[in-house]
1. Collect the residues in the stretch 328-345 that are among the hydroxyl-bearing types (Ser, Thr, Tyr) and either at pLDDT 95 or above or within 17 Å of residue 303 (Cβ to Cβ) (or both), keeping them in residue-number order.
2. Find the residue count for the stretch 254-286, including only residues that are of a type outside the set (Val, Ile, Thr) and assigned to a loop (DSSP other than H, G, I, E, B).
3. Which pairs do you get when a residue that is under 20 Å from residue 397 (Cβ atoms), found in the stretch 254-275, comes within reach of a residue that is of a type in the set (Phe, Trp, Tyr) and surrounded by 10 or more Cβ atoms within 10 Å (Cβ to Cβ), reach meaning Cβ atoms under 9 angstrom, with the pair 6+ apart or on two chains?
4. Residue by residue through the stretch 252-297, note down the ones that are of a type in the set (Val, Ile, Thr) and in contact with a His (Cβ under 9 Å, 6 or more places away or on another chain).
5. Can you tell me which residue among 373, 441 is in contact (Cβ under 8 Å) with a residue 60 or more places away in the chain and either surrounded by 10 or more Cβ atoms within 10 Å (Cβ to Cβ) or not acidic (Asp, Glu) (or both)?
6. Filtering the stretch 379-395 down to residues that are touching a residue at least 12 places away in the same chain (Cβ under 8 Å), within 16 Å of residue 295 (Cβ to Cβ) and part of a loop (DSSP other than H, G, I, E, B), which residue is farthest from the chain's Cα centre (by Cα)?
7. Which ones in the stretch 300-322 are of a type in the set (Val, Ile, Thr) and in contact with a Gly (Cβ under 6 Å, 6 or more places away or on another chain)?
8. Suppose we keep only residues that are small (Gly, Ala, Ser) and farther than 25 Å from residue 377 by Cα within the stretch 421-438. Which one would you say is surrounded by the fewest Cβ atoms within 10 Å (Cβ to Cβ)?
Amino acid sequence: MRNFSSHFRSLLKPLALAGIIAISAVNFSFGQEAAPADSSATASTAPSAGGGPAGDAAAGEALFKSNCGACHAIDKRVLGPALAGINQKQSNEWLHKWIKNSQGLIASGDKDAVAIFEEFNKMAMPAFPQLSDADIDNILAYVEEAGAKKPEAATAAGGATAAAEDTGVSSFMIIGLVAVVLIAFLVIVVLNRVIGTLERLLVTKEAEQNVYVEDEEAEAEEKDRFRVVKQLAKNKKFVFFVVLALLITLGSFGYMDMWNTGVQTGYQPVQPIKFSHQLHAGTNQIDCQYCHSGAWKSKNATIPSLNICMNCHKYVQATDKYNGEISPEIQKIYTALDYNPETQKYGNNTRPIEWVRIHNLPDLAYFNHSQHVSVAGIECQKCHGPIQEMEEVYQYSPLTMKWCINCHKETEVNSKGNAYYDKVIAAHDSIKKGEKVTAAVLGGLECGKCHY
């Protein structure tokens, strides 16, 4: 129905145009019927073609086309001027001279020849000495005859129009055609309203059908929600790439977890006594080896005994911060030693402080503090971080094999003034001299080489 409506409406303009053409055709036909009645009058009023050059127009047409047609036309300007009416503008004698030798006529100073030469950008017409006077007369006769045809045709058309205006039959036909057009217009309007009503009904029907189809599609989608998943599961390439991606992802996470196993960077346990390294090593600037005396002479840095604490806290009790009372943390030291601050005597009910170890290497790793502190001269902060700023100590470095190896690659050995390397250098010098070097010379008799 929609296609019919659109096609029908597209025919309205052609139908209206056809009606206009039909009216014009009727007017023209009646004008033609009236024209013969006045043909004699038209013929009698036509201008006479006499008085022109005495030549053969038929022969002149062939000569004009072969010699003049390239540059001239009868009724329009080409390279040269239009030739219609040239016989009335110039004399026959002048035309003969111009055609045979236009350049000579210009050179003689002829006013008309010079004016034409100037008008056409000083382009002289080629001379035609091969044409005889009879040939030129024939050409001029053809030009006059061809130029007279168009005015006669225009006069005949004017007479036919006047005859059509005088007839009364054409007016009657026009009124009839107008009535037919009006009736057709009314029919078109009525049909258009009917088509509009049918279209609205059709649209309503299609909307109802679309709603029904959408409901069916929605129900079908609800019934088969996993249709796409089922299709992808049948695709072997897709399944392969999904499994591969899962393996790579899970493997990456597993590798990272395994790599970080045993790494306790940032580990900060709660200690039984809130000992502040910031206060002791930072503010009071107590050397690390005063408490950890084993760091410069043994494998272990050692945990300081409470006797070392009592060297200071037998007298330092921080009572000014606790309203004359002994600091609770210092009191814990006294309690562990069964020490009475009033009598300054120790009892027999002593018990150790259970410190929680922070830096803990696996049993398979051998680390010697004296080798790094005494021999290499490495500061405690290199491994333990800014210990003088820590209120509570935490593990600063990862202490992994990779971390240790990178440090050994970057640290430069300074052997000057170091007794440990003096023995090694002496052994190397002996080897260079070819002397015998035993394992004992290289420290093979030290117990720690085997027993650690």
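The values are calculated or read from the model by the stated rules, or taken from the named source; none is laboratory data. The shown structure was predicted, so the numbers you read here are calculated from the model rather than taken from an experiment. FYI the Cβ positions are ideal-geometry reconstructions off the backbone, even for glycines, and counts take in every protein chain you see.
1. Hits for the stretch 328-345 are 334, 335, 339.
2. Just the residues of the stretch 254-286 that are of a type outside the set (Val, Ile, Thr), to begin with: 254-260, 262, 264, 266-269, 271-272, 274-282, 284-285.
Subsequent filtering for residues that are assigned to a loop (DSSP other than H, G, I, E, B) retains 260, 262, 264, 266-269, 271-272, 274-276, 284-285.
Count: 14.
3. Final answer for the pair search is 265/394; 265/396; 266/394; 266/396; 267/394; 268/394; 269/394; 271/355.
4. Keep residues of the stretch 252-297 that are of a type in the set (Val, Ile, Thr), which gives 261, 263, 265, 270, 273, 283, 286.
Hit for the stretch 252-297 is 286, nothing else.
5. Values: 441 fails: in contact (Cβ under 8 Å) with a residue 60 or more places away in the chain.
Of the residues listed, the single one that is in contact (Cβ under 8 Å) with a residue 60 or more places away in the chain and either surrounded by 10 or more Cβ atoms within 10 Å (Cβ to Cβ) or not acidic (Asp, Glu) (or both) is 373.
6. 380
7. Result: 302, single match.
8. My answer is 434.
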